[in-house]
Amino acid sequence: MPPPEGEGRRFRSRDWFADPARSDMTALYLERFMNYGLTPEELRSGRPIIGIAQTGSDLSPCNRIHLELARRVRDGIRDAGGIPIEFPVHPIFENCRRPSAALDRNLAYLGLVEILYGYPIDAVVLTTGCDKTTPAGIMAASTVDIPAIVLSGGPMLDGWHDNELVGSGTVIWRSRRMLAAGEIDEEEFLQRACDSAPSAGHCNTMGTASTMNAVAEALGLSLPGCAAIPAPYRERGQMAYATGRRIVEMAHEDLRPSRVLTRESFLNALAVVSCAGGSSNAQVHIQAMARHAGVELHPRDWTDHAYDLPLLVNMQPAGKYLGERFFRAGGVPAVMWELLQAGRLHGDCASVTGRSIAENLQGREATDREVIRPFADPLMDKAGFLVLSGNLFDFGIMKTSVISEAFRARYLCRPGHEDVFTARAIVFDGAEDYHARINDPALGIDEDCILVMRGAGPLGWPGSAEVVNMQPPDALIQRGIRALPTLGDGRQSGTADSPSILNASPESAAGGGLAWLQTGDLILIDLKQGRCDALVPPEEIARRRRELPPPPVPASRSPWEALYREKTGQLADGATLDFALEFRRIAEQTPRHNH
């Protein structure tokens, strides 16, 4: 429980509401809070002012549940002795934002930093759900460094279509192939998509939303079990109440992100993502969060510390089931429990509970071994992420847990050349070019080709787009070839089941090797050595760099697009606003008065 009024630590909000040296400013800061019913006694009591960073809105349907959950958060804050203040966060809607919701992560980060720093907020509840809301909130909390706790809105209920589990997002990519094969028509495509989204909440698959909320829990920034509770379940409202109570205690304890986020906690997050079959987008966001937290995390840590981990979670797109059954099986704590027992989790890391990760995991063994497998009996061995490099890029990443048996047999099982293959490049400049030409017979696309997408990175798109998971031409799909190797300087949806080489950095628009690659070039991919090289002589590469015009890049069409391109780094480094990295723990200094 918090200390009695008048005792304990002095909160930063007192500099607004109880500054004896500036009674005029105290009056100015207080008076407009009165117009909706707050009282001077509340704001001047010395009780902590708790922000609720509201990411839910009609433009953020995946997070809209937070409009209701915030009431329970408020109840918890009030009951624990705090004063709740709810405020909006820039909306993020992955499916609808054009040209890319990746633009919004850094924009939401900037706005949230300014709110948390410039207003009388002592601690904050970060409401999360859709993909980029989680990293945006954690990045901002690290920059400001006030006590912060993450509350996920939770996944939707499981989707069903004709007695088949249909997972949000994943059903789109699978139905797209079925449409090309002539197995369904457009009306059924739409119905399958709608059936995958039966309730409030974010994606019910282990896409980027579920992955990033699992990451928040693995980092120790959520209460144990928070990530997996489906949005409509009663336990979600109960978690909101408990989160509200706990953030007040954290304010009194001064338990800030800088005490929780360490290199070891980030390595825990990498392990959980790998064992859960999580999204490849986690690489970008985890790198960004680590950089804002001042934690050294190298992109190769994905291979060095997590590639050899097994796939434990049987959940789409890498597995069979969806969010409800994952929750009932034990959720993220059960996955972390397996890692802890196997000696692959740093159990001494701190968490928002005030206890260690290991203490939080006591008694959290899985209850459904069909969904969360034992570490010694996994769905797949070595199911983590492979980092690749070569003459086309310095960094690229491949999610191995979605490599199908058919793909593995076709490309990765040649006797004496296992995990090595050569393919002919078919190069596309953006998604529009791909859709215009993928079915062109003149390209001669066959099963020995690799589809390459360039111009899809932070600078080229701009923002980076989820367009690398390209499907084969319709003619190949109708022959039963459902997947070709794909490569690009953009991303792909976390719900996609395409075994792509993603996030290639530097991107073509920044002078990366994809800029000189041409259709017809042979690419050698060696997963054992972590290499991806175009089989083009060095002198020819040099000639192309000198003589070929750069690939086309669309003009910026908004002020933010132009500023984003000017200030944002590459996907390998988290696509952060690099100038922002020098600002850390800024709440330690009180802002100047405004009058």
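Things worth noting here:
- Residues of segment 539-559 that turn out to be among the aliphatic types (A, V, I, L, M) and without any contact (Cβ under 8 Å) to a residue 24 or more places away in the chain, as a count: 2
- Scanning segment 283-305 for residues that are without any contact (Cβ under 8 Å) to a residue 12 or more places away in the chain and either among the aliphatic types (A, V, I, L, M) or in contact with a helix residue (DSSP H, G or I) (Cβ under 9 Å, 6 or more places away or on another chain) (or both) yields a single hit, His298.
- The residues in segment 61-96 that are assigned to a helix (DSSP H, G or I) and either at pLDDT below 95 or within 18 Å of Asn204 (Cβ to Cβ) (or both) can be counted, and the count is 5.
- Elements of the type helices (runs of 4 or more DSSP H) sitting completely within segment 129-216 and holding at least 3 residues that are surrounded by 24 or more Cβ atoms within 10 Å (Cβ to Cβ) and touching a residue at least 40 places away in the same chain (Cβ under 8 Å): these cover 133-144.
- Only one entry in Arg74, Arg44, Arg10 is under 26 Å from Ala140 (Cβ atoms), surrounded by fewer than 18 Cβ atoms within 10 Å (Cβ to Cβ) and not hydroxyl-bearing (Ser, Thr, Tyr), namely Arg10.
- Unmet requirement for Asp377, which otherwise passes all of (1) charged (D, E, K, R); (2) more than 27 Å from the chain's Cα centre (by Cα); (3) in a helix (DSSP H, G or I): (3)
- When Ala209 is tested against (1) farther than 19 Å from Ile229 by Cα; (2) among the aliphatic types (A, V, I, L, M); (3) at pLDDT 95 or above, just one condition goes unmet, and that condition is (1).
- Within segment 567-593, the set of residues being loosely packed, with under 13 Cβ neighbours inside 10 Å and free of Cβ contacts under 8 Å to residues at least 24 places away in the same chain comprises Phe579, Glu582, Gln589, Arg592.
- Enumerated strands (runs of 3 or more DSSP E) restricted to segment 483-554, each holding at least 2 residues that are closer than 18 Å to Glu447 by Cα and among the hydrophobic types (A, V, I, L, M, F, W, C): 522-526
- Looking across segment 319-372, just one residue is on the phi > 0 side of the Ramachandran plot, touching a residue at least 40 places away in the same chain (Cβ under 8 Å) and exposed (fewer than 15 other Cβ atoms within 10 Å of the Cβ), and that is Gly354.
- Residues in segment 194-216 that are touching a Pro at 6+ places or on another chain (Cβ under 7 Å) and under 19 Å from Ser351 (Cα atoms): Met212 alone.
- Any hit, segment 250-260, residues being among the acidic types (Asp, Glu), in contact (Cβ under 8 Å) with a residue 60 or more places away in the chain and out of contact with any Lys or Arg (no Cβ under 9 Å at 6 or more places or on another chain): no
Residue-by-condition table, conditions (1) buried (at least 16 other Cβ atoms within 10 Å of the Cβ); (2) touching a strand residue (DSSP E or B) at 6+ places or on another chain (Cβ under 8 Å); (3) of a type in the set (Phe, Trp, Tyr):
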{"residue": "Gly480", "(1), (2), (3)": "no, no, no"}
{"residue": "Ser493", "(1), (2), (3)": "yes, yes, no"}
{"residue": "Ser498", "(1), (2), (3)": "yes, yes, no"}
{"residue": "Ser505", "(1), (2), (3)": "yes, yes, no"}
{"residue": "Ile525", "(1), (2), (3)": "yes, yes, no"}
{"residue": "Gly530", "(1), (2), (3)": "yes, yes, no"}
{"residue": "Arg545", "(1), (2), (3)": "no, no, no"}
{"residue": "Pro552", "(1), (2), (3)": "no, yes, no"}
{"residue": "Arg565", "(1), (2), (3)": "yes, no, no"}
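The values are calculated or read from the model by the stated rules, or taken from the named source; none is laboratory data. Keep in mind it's a predicted model, so treat the numbers as computed, not measured. Note: ideal-geometry Cβ built from the backbone for every residue, glycine included; neighbour counts use all protein chains shown.
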